[in-house]
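J.: Structure provided below as structure tokens; questions to follow.
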Ligand code: PMP
């Protein structure tokens, strides 16, 4: 099956426009650890996918999945010790009072649960999010998305400019004053909901503003945002779908931006590819949600989810993948920073742990975003056997986010390919 003929069949079967990466799409047939293999047997280093956090086709996880599926897989309206143990283990990874959890199957669903939980607890409807975020694809959660459709929509949604040092909302301010300027915009968004009768239920943010482009957040922004939200009677939802699970070298992104959320949403890496997500909160918030909704989700909270989720945690802990993400990520970022001055098209390099963004600009002084250049770099890296993508508010950030089993040796190979790409660009 050639790539063009498979593409034609796909367009017919799935409808034209189902998203695909790269100018020439990849036809991937197998994964193993950090590697993906195409139909011609060519090997690529996966530097993009955070879902297979313990590696593609991890044998320990696959074995746990097969064993549980061969023993029992049933919906959640029976007692099952595995799911209780998993919930207990998961919530212990947070600080109290995040002690209870609602399971679901996608980040979108878990964010839906979080929004409903906050609205039920506060009796208010209004949600504040950032102006360049993505939290999921459903009607309710999709309305928070500004990335493709302009500003977030709706009478019950308000956005504030995401906090960043690179293109600050006000120029020539010191960092403390800049933090205040962003906090004032957050206050404006809350006030607007209070004034239009919706009231304020919650602030929802990705703890490290990943979809916004992984900005360096002005110091003190998140802890003070939490104070403002609580003073207004609202709750703070941390979307850890990308930020969590050791991605940053810490267990949770909220440790990086230094705040304690009321509700935490996790997804992507939890099941290493098995659909599994969770909304964690205090027992009273979860009890309130359950009483009001009698939430049931056929595939969620199953023995299969529990067995796979447990196996993923086992591997992360046994292989010390949090430490690996911190160490390899720090070395990778430092090596990339060394290259920054050599290439005029690189405006900024940011990130923590195994999550690094390289921002491409047309001109360093104007910081005009260069999406085309980022796409070009991503495609050149792909041709050299390294898979990344472009993201961020302007889609001009080369996004580096490999599975957590990515090693120093993979990083070295990547840097060689990155150097070769920079040389090509300069030529
Ligand atoms: N939250 C964030 C921060 C995300 O990046 C995404 C997906 N990219 C989601 C939620 C939605 O997750 P899902 O696709 O599993 O519904």
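Every read-out reported here was derived from the displayed coordinates using simple, explicitly stated rules and does not represent laboratory data. As the structure is a computational prediction, the values presented were derived from the model and not from experiment. Every residue, glycine as well, gets a Cβ built from its backbone with ideal geometry; the counts of neighbours run over all protein chains shown.
J.: Averaged across orientations, what area in nm² does the convex hull of the alpha carbons in segment 10-113 project? List each step's numbers first, then the result.
T.: On the way: hull surface 41.8 nm².
Hull-based average projected area comes out at 10.5 nm².
J.: To continue, here is another question. As a check on your grasp of the helix formula, calculate [θ] at 222 nm for the chain: sum -39500 (n - 2.57) over DSSP H runs of n ≥ 4, divide by the residue count, round to the nearest 500. Intermediate results must be reported in sequence, preceding the final value.
T.: Values: 13 runs with 170 residues, N = 427.
The helix-only estimate for the chain comes to -12500 deg cm²/dmol at 222 nm.
J.: Any idea how far the Cα center of segment 347-364 sits from the one of segment 301-319, in Å?
T.: A separation of 33 Å, based on Cα centres.
J.: Give the whole-number value, in cubic angstrom per residue, of the convex hull volume spanned by the C-alpha atoms of segment 250-389. Present the calculation step by step, with values, prior to reporting the outcome.
T.: Numbers: hull volume 25.8 nm³, N = 140.
Considering the Cα atoms of segment 250-389, their hull volume per residue is 184 Å³.
J.: Can you check how the C-alpha radius of gyration of the chain compares to 2.2 N^0.38 Å, as a plain ratio? Please report the intermediate quantities before stating the final value.
T.: Numbers: Rg = 21.5 Å, N = 427, 2.2 N^0.38 = 22.0 Å.
Expressed relative to 2.2 N^0.38 Å, the Cα Rg reads 0.98.
J.: Follow-up question, since we're still on this one. Please figure out what share of the DSSP beta bridges in the chain is antiparallel and state it in percent, rounded to the nearest 5.
T.: Bridges in the chain are about 65 percent antiparallel.
J.: Further question: With a/c under 1.5 counting as rounded, go ahead and sort segment 176-217 into rounded, prolate or oblate using the C-alpha gyration tensor (a ≥ b ≥ c being the square roots of the eigenvalues; past the cut-off, prolate if a/b is larger than b/c, else oblate). Walk me through the intermediate numbers first.
T.: Working: a/c = 3.53, a/b = 1.55, b/c = 2.28.
Note, shape of segment 176-217 comes out oblate.
J.: Also, I was wondering about something else. Per-residue counts of other Cβ atoms within 10 Å, averaged by peptide: what ranking do you get for 329-335, 11-17, 376-382, highest first? Numbers along the way, then the final one.
T.: Details: 329-335: 18.3, 11-17: 9.0, 376-382: 20.9.
Per-residue Cβ counts within 10 Å, averaged per peptide and sorted highest first, yield 376-382, 329-335, 11-17.
J.: Remind me, relative contact order of segment 60-318 in percent, using alpha carbon pairs under 8 angstrom and six or more residues apart? Mind showing how you got there, number by number?
T.: Details: 509 pairs, mean separation 76.5, N = 259.
Reported as a whole number, the value is 30 percent.
J.: Using Cα centres only, tell me the gap between segment 48-109 and segment 1-35 in whole Å.
T.: Result: 29 Å between the Cα centres.
J.: Out of every Cα-Cα pair in segment 29-177, what percent are more than 21 Å apart? Intermediate values should be presented prior to the final figure.
T.: Working: 7481 of 11026 pairs.
So the portion of pairs separated by more than 21 Å is 68 percent.
J.: Continuing with this model, one more query. Where does segment 58-109 land on the Kirkwood hydrodynamic radius, alpha-carbon pairs, in angstrom?
T.: Details: mean 1/r = 0.0765 Å⁻¹.
It works out to 13.1 Å.
J.: May I have the convex hull volume per residue, in Å³, for the Cα set of segment 151-291? Write down the numbers at each step before the final one.
T.: Values: hull volume 18.7 nm³, N = 141.
Measuring per residue, one finds 133 Å³ for the Cα hull of segment 151-291.
J.: Sticking with this structure for a sec: Considering just Cα atoms, how many Å³ per residue does the convex hull of segment 214-324 enclose?
T.: Numbers: hull volume 13.3 nm³, N = 111.
Dividing the Cα hull volume of segment 214-324 by its residues yields 120 Å³.
J.: Hey, could you get me the Stokes-Einstein D for segment 328-404, Kirkwood radius over alpha-carbon pairs, 4 °C and 1.567 mPa s, rounded to whole µm² s⁻¹? Before the final figure, lay out the partial values.
T.: Details: Rh = 12.4 Å.
The calculation lands on 104 µm²/s.
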